[in-house]
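Heads up, the thing below is written out as structure tokens.
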Ligand code: BGC
């Protein structure tokens, strides 16, 4: 029997307090029958309150094989209302499914005037502004910024309280709509109302601030209740980003909260923030996302968030009502940050200073929870780091102003004391705990892993333990860098660098369901786009970003700003998400028109028609961090690699983005625009060849990455292409089969080699263990992907780099496509290709991907020297082209007969490649076949 399962709305199982006016429904089919395909569906939506259920939209039977992103088409959805939906489908075999179970969702506050609550601000000193520290100060003048002790400049997080009485009559529902300037933790009667952390999420607060909706009914009691909220600086007012500047979005903590209790008799009680709320200092001495948190348990106002507590006037003051425009408010979209996993230490020891060093065995983003046996007033210090130095000692790998990553706890001396910070997180594997006079046992301390609660969708495993470790490292770097926004690293800058995400997006989309998470981030990019069309280097953008102009004269860069085109395209390819293309399209056009103008700037009188298509007019990061500029005794550094490559790399991205935009315009039915961008692409391509390609086929910037991008973006004519491939291979050989590609070209190098008949070299680079290489890091104990390949040098010296930068983990996407054998062919993997590239370094690989249509599984195993077993699972409503490579010629007829007997009549034999290819619908396929003898060279080169 076929069943409709896994219903999702806006990609979530639970959608609570949304302001999406046309939510989209998706579902999957569960079927034991091969060849199951939906041919029609019906969706019904009901308005569903406590007392009634009314059909408001019936799609009726729609002939369609689509089961993803089906848009609600009924009457306008109303504020606060709850709805439910159900789905049934008809399948190609004539079967009709029963109705699915019903799924509920609820709308948030859709109109500004529904907020009766006012912004309130506790009595407070304004957040201390950090002195200006520009990139020029940091990188040229080598000024690290004055150190000033946190206690001198950080203020205590505030607690805000409201006592209210609930009448003795049945309640239908109780909702809290809430947001803050800063971060909040809300409690009702002393109980946390959610396991979400770091709310509101990091967005471009000034023009995009999310409010959250919680069901607080389970926490209310008849009679007296207390709403208690703690506020801290967070990303809004705290120290963030590269220079660690403060007050980037505002310098005062504030709260906006509206508790609405609806009784079954139709009456309503509203408790909105206003001047009747009271505030005080808390037991948090200070709390800062980057610096760390200090709590003094002795300052705790015990019971402050419960009824029965007496607020002494010398401690508590009335809040002030503040005037802020509510135009920036939007409902929560996407998953909350949550404690996702816990880790126990693998080892604890004491260092020379008698401090405990705790090794959690894994680099993470998160914090520790520690059970303590202290005397009153004992102060514990907890520092965090990702590595030990070459002598095995605690080593702070993160340097810079306000990057302490250090928490303090002053104990009350009570039995069973537990410390865990609330409003901070750190990037670490090791912790140094000092000032503690009791024994610390393994069970006393736990690491809490924090990231946005996205579902893991991808699994990948091979017969090679090092490749598996690399895979784990990629996953952990994703976990560590997807806490609220996609970041470069979770300890130093923690910024939403567009370039880093752009290169990693395909891998990220395999590992986890990043649709909503990245949609929210893309909304930030759009809102922060300048009037001229620039997409900022990182987003959400603190005000300090504008200081970068003094350093490079620029706040956007090729390959970074292009994220506005590339990332939505990835979301469309991987999830069939059409809406994100529509939503971002205006920003994409604006970005491209900025490039057009920027490239042509000052060239009005140039005689040569090519010149204005060369984007050589401003600063770019180029192929950032090319290893040969970064490694060795006296490295030239990343700015040098930027300057050497920026013009041709920027022009290459100009061409690439125009070709992508041409495709996107086409998908959106904008034929004329598509044609325009296609023409533009060709003009830029010609200009690239004219300016950067010599007759010999050599490029003016003779670097692996530049060849890689010229080939990947198809910027060369056939004859030059062959020469460029040869030069690329030559450069790789000269570099002893090690990569020398920077941020922007790493994602393409292995593909380019494979597509140009150098699969052997691609595998050599992959299996390389000398620096720079992915497995060099693995061999040096990496548990995440490093920012610099040589963060630990061959002689063991440890550098002050980030050890958790996902960018170079972009190889994950190649691993899945080439080794796992899974590539999407149609958006959302509605059709996909199964083609594993067997190498004799591996004997098996297993790939599982929970696509939007259901789970895809591919497993291949060399059973004998040349016998291959392949198992493929194709989910309902999708199809796959299974392509078997290097089939032994004597075996072809046999294999084809086998296939025909099983009903696959469409198999093709492609002689030159000894490849058999056939198309299948849903179901499981087990195939055993003989491969031609895989001599190392022949096999790898095929
Ligand atoms: C960040 C990167 C980022 C780069 C851009 C670095 O400091 O950590 O990952 O993309 O700057 O220049």
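What follows draws every value from the coordinates through simple rules; no lab data is involved. Just so we're clear, the structure is a prediction, and the values are computed from it rather than from any experiment. Backbone-built Cβ (ideal geometry, glycine too); neighbour counts: all protein chains shown.
Determine how many Å³ per residue the convex hull of the Cα atoms of the stretch 491-579 encloses. The partial results should precede the final answer.
On the way: hull volume 9.3 nm³, N = 89.
Dividing the Cα hull volume of the stretch 491-579 by its residue count gives 105 Å³.
Want the number for residue 597 to residue 672: 0.36 nm per residue separation, take away the alpha-carbon distance, what's left? Walk me through the numbers on the way to the answer.
On the way: separation 75, 0.36 × 75 = 27.00 nm, distance 2.02 nm.
Contour length minus the Cα-Cα distance gives 25.0 nm.
To test your reading of the geometry: what angle, between 0 and 90 degrees and rounded to tens, separates the Cα axis of helix 465-480 from the longest principal axis of the chain?
40 degrees
Does anyone have the angle between helix 498-511 and the longest principal axis of the chain? Alpha-carbon axes, 0 to 90°, nearest 10?
Between helix and principal axis, roughly 80 degrees.
If I take every Cα pair under 8 Å that is 6 or more residues apart in the chain, average their sequence separation and divide by the length, what percent do I get for the relative contact order?
Dividing the mean separation by the residue count of the chain yields 10 percent.
Could you let me know the centre-to-centre spacing of the stretch 685-720 and the stretch 1-49, using Cα atoms, in angstrom?
47 Å
To the nearest 0.05, how large is the calculated FRET efficiency for residue 455 and residue 865 if R₀ is 51 Å and r is the Cβ-Cβ distance?
Details: r = 40 Å, r/R0 = 0.78.
After rounding, the FRET efficiency stands at 0.80.
Can you put 744, 441 in order, fewest other beta carbons within 10 Å first? Don't skip to the end; give the middle numbers.
Details: 744 31, 441 10.
Ranking 744, 441 by Cβ neighbours within 10 Å, fewest first, gives 441, 744.
What angle do you read, to the nearest 10 degrees and between 0 and 90, between the alpha-carbon axis of helix 718-734 and the longest principal axis of the chain?
Approximately 70 degrees, to the nearest 10.
Under the rule a/c < 1.5 gives rounded, and otherwise a/b versus b/c splits prolate from oblate, where does the stretch 242-307 land using the Cα gyration tensor? Let's see the in-between values first.
Numbers: a/c = 3.14, a/b = 1.70, b/c = 1.85.
Oblate.
Rounded, prolate or oblate, given the Cα gyration tensor of the stretch 438-524, with a/c below 1.5 counting as rounded?
Taking the square roots of the gyration eigenvalues as a ≥ b ≥ c, the stretch 438-524 is oblate.
For every helix of n ≥ 4 consecutive DSSP H residues, a contribution of -39,500 (n - 2.57) applies; sum these over the chain, divide by its total residues, and give [θ] at 222 nm rounded to the nearest 500 deg cm²/dmol. Could you put the intermediate results ahead of the total?
On the way: 19 runs with 219 residues, N = 942.
Helix-only estimate at 222 nm: -7000 deg cm²/dmol.
Given a Förster radius of 41 Å and the C-beta distance between residue 54 and residue 466 as r, what FRET efficiency does 1/(1 + (r/R0)^6) yield to the nearest 0.05? Provide the component values of the computation, followed by the final result.
Numbers: r = 59 Å, r/R0 = 1.45.
Between residue 54 and residue 466 the formula returns 0.10.
Got the relative contact order for the stretch 181-257 handy, in percent, Cα pairs under 8 Å and 6 or more residues apart? Write out the running numbers ahead of the final one.
Details: 113 pairs, mean separation 30.4, N = 77.
RCO, the stretch 181-257: 39 percent.
Going by how many other beta carbons lie within 10 Å of each one, how would you line up 738, 347, fewest first? Don't jump to the answer; show the numbers that get you there.
Values: 738 21, 347 11.
The fewest-first ordering by Cβ neighbours comes to 347, 738.
Between residue 40 and residue 371, 0.36 nm times their residue separation minus their Cα-Cα distance comes to what?
Details: separation 331, 0.36 × 331 = 119.16 nm, distance 5.71 nm.
Roughly 113.5 nm would be gained on extension.
Arrange the following residues from fewest to most other Cβ atoms within 10 Å of their Cβ: 810, 311.
Details: 810 22, 311 15.
The order, fewest Cβ neighbours first, is 311, 810.
Please state the shape class of the stretch 692-841: rounded when a/c is under 1.5, otherwise prolate if a/b exceeds b/c and oblate if not, all from the C-alpha gyration tensor. Write out the running numbers ahead of the final one.
Values: a/c = 1.83, a/b = 1.17, b/c = 1.56.
Oblate is the answer for the stretch 692-841, as a/c is 1.5 or above yet b/c matches or exceeds a/b.
How big is Rg to Rh over the chain, alpha-carbon atoms, Rh as the Kirkwood inverse-mean-distance radius? Please list the in-between numbers first.
On the way: Rg = 29.0 Å, Rh = 29.9 Å.
Taking Rh as the inverse mean 1/r over Cα pairs, Rg/Rh reads 0.97.
Return the whole-Å distance between the Cα centroid of the stretch 328-364 and the Cα centroid of the stretch 506-572.
Spelled out, the Cα-based centre of one part sits 27 Å from the other.
Can you give the extra length, in nm with one decimal, that the chain gains between residue 640 and residue 132 once fully stretched, where that is 0.36 nm per residue apart less the Cα-Cα distance?
Details: separation 508, 0.36 × 508 = 182.88 nm, distance 2.54 nm.
Gain on extension, residue 640 to residue 132, equals 180.3 nm.
On a C-alpha basis, how far is the centre of the stretch 646-671 from the centre of the stretch 421-493 in Å? Whole number, if you could?
If we compute the Cα centre of each part, the gap is 36 Å.
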